[in-house]
Amino acid sequence: MQDLLFTNEPWTALDCLVERIGPSGVFVVVDDNTRRCVLPLMQQRSRCVADATVISIPPGEEHKTVSTVEEVWAELQSGGATRHSLIVNLGGGLVTDLGGFAAACFKRGMRFVNIPTSLLGAVDAAVGGKTGVNFGGLKNEIGVFREADAVVISTCFFSTLPTGELQSGYAEMLKHGLLKSREATARLLDLQLDASVDPEALLALLRESVEVKRDIVAQDPTEKGIRKALNLGHTAGHAFEALAMKRAEHLPHGHAVASGLIVALVLSHMKEGMDSSLIHSLAAFVDRHYIKPRITCDDYPALIDMMKHDKKNRHAGDLCFTLLRGPGEPLIDRFVSEEDIRAAIDIMRDLLHI
């Protein structure tokens, strides 16, 4: 199981990790945003980052591609990286997903450490061993399971994030709350989610959230069973996100997942009898804080087709969802009809005033 280190001195934690690992060299992967906003601080305070080779990639989902991975491999090769070198992925989900994939493949596998600089990266992408890139217009279509040797999690970088980025990561925390219990969900819905959020309160909730994911991943590292519970909200959410990307519209991953969670809860009520009061509480929170997908009934065929390409479907063309019997009671591999999905999206649009 990978080490999870929660600390407000990530530079010290990283130096200790590198001393313990003893790599032949250190390469730091950043995107242009973290190179500008975060890397200078790490270079000032971390000996290993100050001496490392820096590999910078362009930001944005449109650059989460195989061609960008090739650029990282070329930099590793020209920098003399070996299987005994170490990659430090310093950034959000794009950096940890893509950098982890590059590390997993180069020389048949290098060690790597993730230092997420966004809330979404900390709670989702950096933890759990999923790496990959987008392909053919679909999210994370190419990738491997490979855990980082360690993940260093801190709230000290989050002050550089716009409120929308905090909200994006918080959607994944809401998902974990729903997978844990009604009480955990209530704690999350009670937080004032804006630029004034208390970093210590957020860190406590973040730790609880990450541990939910870690416990599930430990039971099912390669997603043969219960790990599919972590797909809650993502079948519809990825479709909303993919449609927005196709139209060059702004809909961040976590914002798409927030709407996808409403679809999943509506289906849970329709198919599994889940209490509907939770749908209204969550919908009110999402309506206040999140960007909603710009969709109409005319978009339903395209959205359903995208859902049929979800990687967690058993067979091509399936419509398979993670649902809930209630908070803390996930149900995986639940098949639903196109008619049910249309009805659930209709209700989501009403609740979110779309």
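The values are calculated or read from the model by the stated rules, or taken from the named source; none is laboratory data. Only a predicted model underlies this, so the values are computations on that prediction, with no experimental measurement involved. Heads up, the Cβs are rebuilt from the backbone with ideal geometry, glycines too, and the neighbour counts pull from every protein chain shown. We work out accessible area using only protein heavy atoms, side chains counted, and drop any ligands, DNA or RNA first. Shrake-Rupley method; radii C 1.70, N 1.55, O 1.52, S 1.80 Å.
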Dipole in debye (nearest 20) - the chain, about Cα centre, beta carbon charges: Lys, Arg +1; Asp, Glu -1: 640
Size descriptor, Kirkwood hydrodynamic radius, that averages inverse alpha-carbon separations across the range 180-234, Å: 12.7
Counted charge near Ala81, where neighbours are those whose Cβ lies closer than 13 Å (Asp, Glu -1; Lys, Arg +1): +3
Just the Cα atoms of the range 207-354: what Rg and Dmax do they give in Å? 14.5, 41
Taking the Cβ of Val152 as the centre, find all other residues whose Cβ is under 11 Å away and add up their charges (Lys, Arg: +1; Asp, Glu: -1). -4
So how long is each side of the range 55-137 along the principal axes, counting just the alpha-carbon atoms, biggest first, in Å? 32, 26, 19
Accessible area (Å², 1.4 Å probe, nearest 10) - Val212: 20
Between their Cα atoms, which of Lys107/Lys139; Lys107/Lys180; Lys224/Lys271; Lys107/Lys308 are more than 32 Å away from each other? Lys107/Lys180; Lys107/Lys308
Dimensionless Rg/Rh of the range 114-234, both radii on Cα and Rh by Kirkwood, sits at 0.96
What whole-number distance in Å separates the alpha-carbon centres of the range 235-282 and the range 169-197? 15
Provide, in order from the shortest bin, the percent of all Cα-Cα pairs of the chain in each 20 Å bin, continuing until the bin that contains the maximum pair distance. 32, 58, 10
Helix-only [θ]222 nm of the chain, DSSP H runs n ≥ 4, -39500 (n - 2.57) each, per residue, nearest 500: -15000 deg cm²/dmol
Once you put a point 7 Å from the Cα of Val66 and another 7 Å from the Cα of Ala50, both along the Cβ direction, what distance in nm separates them? 4.2
Tell me, what HN-Hα J-couplings in whole Hz come from the Karplus equation 6.51 cos²θ - 1.76 cosθ + 1.60 at θ = phi - 60° for each residue of the range 60-77, using x for Gly and Pro? x, 4, 5, 9, 7, 10, 4, 5, 5, 4, 4, 5, 5, 4, 4, 5, 5, 5
Give me the percent of the accessible area of the chain that comes from carbon and sulfur atoms, probe 1.4 Å, all protein chains in place. 49
At a probe radius of 1.4 Å, what is the per-residue accessible area of Leu230, in Å² to the nearest 10? 20
Cβ-Cβ cut-off under 11 Å around Gly91, Lys and Arg +1, Asp and Glu -1: the net charge is -2
Taking the range 251-297, how much of its Cα-Cα pair set, in percent, is spaced more than 13 angstrom apart? 56
Regression test value, accessible area per residue of the range 188-268, probe 1.4 Å, units Å², expected 36
If the convex hull is drawn through the Cα atoms of the range 1-118, its volume per residue in Å³: 99
Just report the Cα centroid separation between the range 1-21 and the range 336-353, whole Å. 44
Given a 1.4 Å probe, the accessible area of the range 25-183 per residue, as a whole number of Å², is 37
